[in-house]
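For reference, the structure discussed in these notes is given below.
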C-alpha cells in the first residue's frame, strides 16, 4: 500500500504499562483514505488503547504512527489537527452551552472561527435547538451528540468513533450512521469500534479484529464473509430415510431420518446457486421434501469464532 492510499500507517506499535502489562503487541495496520474501518475485539483486547495512541492520549512504548503524512510523535500538533475523536466517556464541561463548547473545541486546534460550519454540524446532529442550553441540562443521548459535534468542529480528515452508540437511543444511532455515511461521501476516513456488530456489518468497508493486544485479522468485509461465512440449509423430508442421498454436495441426515442438512461456504450468488442445485438434484432423484430453511452466518458469528479459536 502506498502512502497516498494510506491515511494512517501504524508500524511495530507496542504499549506496555508500568506494571508490565502489554496492551499492544507489535501492531502493524494501515487505514485507507476515505474508508470506514471497523475495529472489533472483546473487552480488554486493546481497542481503546490503540485509539488513544493514535490520538495522542496514550504514549506508545515503541513503533511509529503516521496520520495523514504527519508522525504523531515528531509532528504531534499537525497530526492531531487531522483527527477527530468521539470517546466512550461522556466527559465535557457541563456548565457551558452547546454552542460555546463546540466552538471552543474548534479553537483548540487553531482553526479560525466558522459559525456556518458549527451551525451545519449542530443541525446535522439535531442539536440546533439546544445550542443555547447548558450541557448539564441535556439527556445522555444529547450529550453524546455534543461529543460528536466537538469531534467534527475542526473539520478533521480522520474520525475515530469509540463505541459511539453504546447505551444511546435508536434515533441517535440512526442519525449517527446517516452522518457517518455523509462524512464518508465527503472523503473523511472513519474508524469505529462497536459492540453492535450488525452496525459494523452494515457500515464498514473493512474489518479488523484485535485480541489480547494483537491484530488477528484485517479483511475486506465481503471477502471475510466469503472466506469464513457459511450457510446452513435444513431440508425437511416427507418420508423417512435410512441414509443420506448420494449427491455432489455432501448432506447430513438427522437421527430421525427426516431432515437433511447442507453446509455451504461463501457469500451471495455462489451460496444461492448451491442451494438451488441441491434441490434440483433431490427432485431428480425422486426425493420429496416439504420444507427448506437457510440460515446464513453473520459477522458476529465469524467474530466470535475467530476470538474463540485464539483464546
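Going through region 105-130 one residue at a time, which ones are closer than 27 Å to residue 54 by Cβ, more than 29 Å from the chain's Cα centre (by Cα) and not in a loop (DSSP other than H, G, I, E, B)?
Taking region 105-130 as the starting set, the residues that turn out to be closer than 27 Å to residue 54 by Cβ are 105-112, 114, 117-118, 120-122, 124-125, 127.
Right, trim to more than 29 Å from the chain's Cα centre (by Cα) and you get 107, 110-112, 114.
Result: 107, single match.
Matching residues to (1) touching a residue at least 40 places away in the same chain (Cβ under 8 Å); (2) assigned by TED's automatic domain parsing to the domain that holds residue 43; (3) part of a loop (DSSP other than H, G, I, E, B); (4) out of contact with any helix residue (DSSP H, G or I) (no Cβ under 7 Å at 6 or more places or on another chain):
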residue	(1), (2), (3), (4)
95	yes, yes, yes, no
100	no, yes, no, yes
132	no, yes, yes, no
149	yes, yes, no, no
164	yes, yes, yes, no
Could we say that residue 232 is free of Cβ contacts under 8 Å to residues at least 12 places away in the same chain, surrounded by fewer than 21 Cβ atoms within 10 Å (Cβ to Cβ) and farther than 20 Å from residue 80 by Cβ here? no
Failed criterion for residue 38 (all others in (1) over 24 Å from residue 156 (Cα atoms); (2) in a strand (DSSP E or B) hold): (1)
Give the residue, chosen from 217, 172, 192, 224, that is in contact (Cβ under 8 Å) with a residue 12 or more places away in the chain, part of a strand (DSSP E or B) and either surrounded by 19 or more Cβ atoms within 10 Å (Cβ to Cβ) or outside the structural domain of residue 121 (by TED's automatic domain parsing) (or both). 192
Give just the number: which of (1) part of a strand (DSSP E or B); (2) modelled with pLDDT of 80 or more; (3) more than 22 Å from residue 38 (Cα to Cα) does residue 209 not satisfy? (3)
Matching residues in region 36-57 - criterion: being surrounded by fewer than 17 Cβ atoms within 10 Å (Cβ to Cβ) and closer than 17 Å to residue 160 by Cα: 57
Has region 77-95 got any residue that is farther than 24 Å from residue 52 by Cβ and surrounded by fewer than 17 Cβ atoms within 10 Å (Cβ to Cβ)? yes
When residues of region 235-262 are filtered for being assigned to a strand (DSSP E or B), in contact (Cβ under 8 Å) with a residue 24 or more places away in the chain and more than 19 Å from residue 296 (Cβ to Cβ), how many remain? 1
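With respect to residue 30, is the statement that it is modelled with pLDDT of 90 or more, in contact with a strand residue (DSSP E or B) (Cβ under 6 Å, 6 or more places away or on another chain), assigned by TED's automatic domain parsing to the domain that holds residue 15 and surrounded by fewer than 14 Cβ atoms within 10 Å (Cβ to Cβ) true?
So residue 30 does not fit the description; no.
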Mind listing whichever residues of region 67-76 are in contact (Cβ under 8 Å) with a residue 60 or more places away in the chain and either assigned to a helix (DSSP H, G or I) or crowded, with 17+ Cβ neighbours inside 10 Å (or both)? 67, 68
Considering only residues that are over 18 Å from residue 127 (Cα atoms) and modelled with pLDDT under 80, which ones fall in region 74-98? 88, 89
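Could you check how many residues of region 137-147 are touching a helix residue (DSSP H, G or I) at 6+ places or on another chain (Cβ under 9 Å) and either exposed (fewer than 15 other Cβ atoms within 10 Å of the Cβ) or part of a loop (DSSP other than H, G, I, E, B) (or both)?
Total meeting the criteria: 2.
The values are calculated or read from the model by the stated rules, or taken from the named source; none is laboratory data. A quick note: this is a predicted structure, and the numbers were derived from the prediction, not measured. Heads up, the Cβs are rebuilt from the backbone with ideal geometry, glycines too, and the neighbour counts pull from every protein chain shown.
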